[in-house]
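Q: Dumping the structure here so I can ask a few things about it.
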Amino acid sequence: MLLDTALNNMNHGLMMFDAGSRVILCNQRYLDLYGLSRQAIRPGMTLREVVDVRVAAGSFSGDPGQYCAEVIDAVSRGAAWK
């Protein structure tokens, strides 16, 4: 409960993925930033599924495949992705 309160009172959007690039958690600010409903993002979704939801909502531009590849590459090298 405390973690949920902290996450949902942050100024920044936050989405965390596991080693398999599947959603662990997402805060309300992330959803608000990208115009997504609470039901749009669920634990276990892949990064690509999240990007596809954003494409459908009109909050993503660019090449989804390239973006996902760049994110996964950066994270695999230990680099932060913003």
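Q: Under 7 Å between Cβ atoms, which residue pairs at least 6 apart in sequence (or on different chains) link something in segment 11-33 that is assigned to a strand (DSSP E or B) with a partner that is of a type in the set (S, T, N, Q) and open to solvent by 30 Å² or more (accessible area, probe 1.4 Å)?
A: Taking only residues 6 or more apart or on different chains, the pairs are Arg22/Thr46.
Okay, residues lined up against (1) over 23 Å from Gly78 (Cα atoms); (2) surrounded by 12 or more Cβ atoms within 10 Å (Cβ to Cβ); (3) modelled with pLDDT under 95:
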residue: Met10; (1), (2), (3): yes, yes, yes
residue: Leu14; (1), (2), (3): no, yes, yes
residue: Gly20; (1), (2), (3): no, no, yes
residue: Cys26; (1), (2), (3): no, yes, yes
residue: Val50; (1), (2), (3): no, yes, no
residue: Val53; (1), (2), (3): yes, yes, no
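Q: To continue, here is another question. Name the residue that is nearest to Leu3 (Cα to Cα), counting only residues in segment 34-48 that are open to solvent by 60 Å² or more (accessible area, probe 1.4 Å) and not in a loop (DSSP other than H, G, I, E, B).
A: Arg38
Q: Search segment 55-82 for residues being closer than 16 Å to Gly13 by Cα and open to solvent by 70 Å² or more (accessible area, probe 1.4 Å), and hand back the single one that is modelled with the highest pLDDT.
A: In the first step, residues of segment 55-82 are kept if they are closer than 16 Å to Gly13 by Cα; the result is 59-60, 80-82.
Narrowing further to those that are open to solvent by 70 Å² or more (accessible area, probe 1.4 Å): 80-82.
Numbers: Ala80: 74, Trp81: 70, Lys82: 65.
Only one residue tops the list, namely Ala80.
The values are calculated or read from the model by the stated rules, or taken from the named source; none is laboratory data. Remember, predicted model here, so these are calculated numbers, not experimental data. Cβ atoms come from the backbone with ideal geometry, glycine included; neighbour counts cover every protein chain shown. With ligands, DNA and RNA removed, areas are computed over all heavy atoms of the protein, side chains included. Shrake-Rupley method; radii C 1.70, N 1.55, O 1.52, S 1.80 Å.
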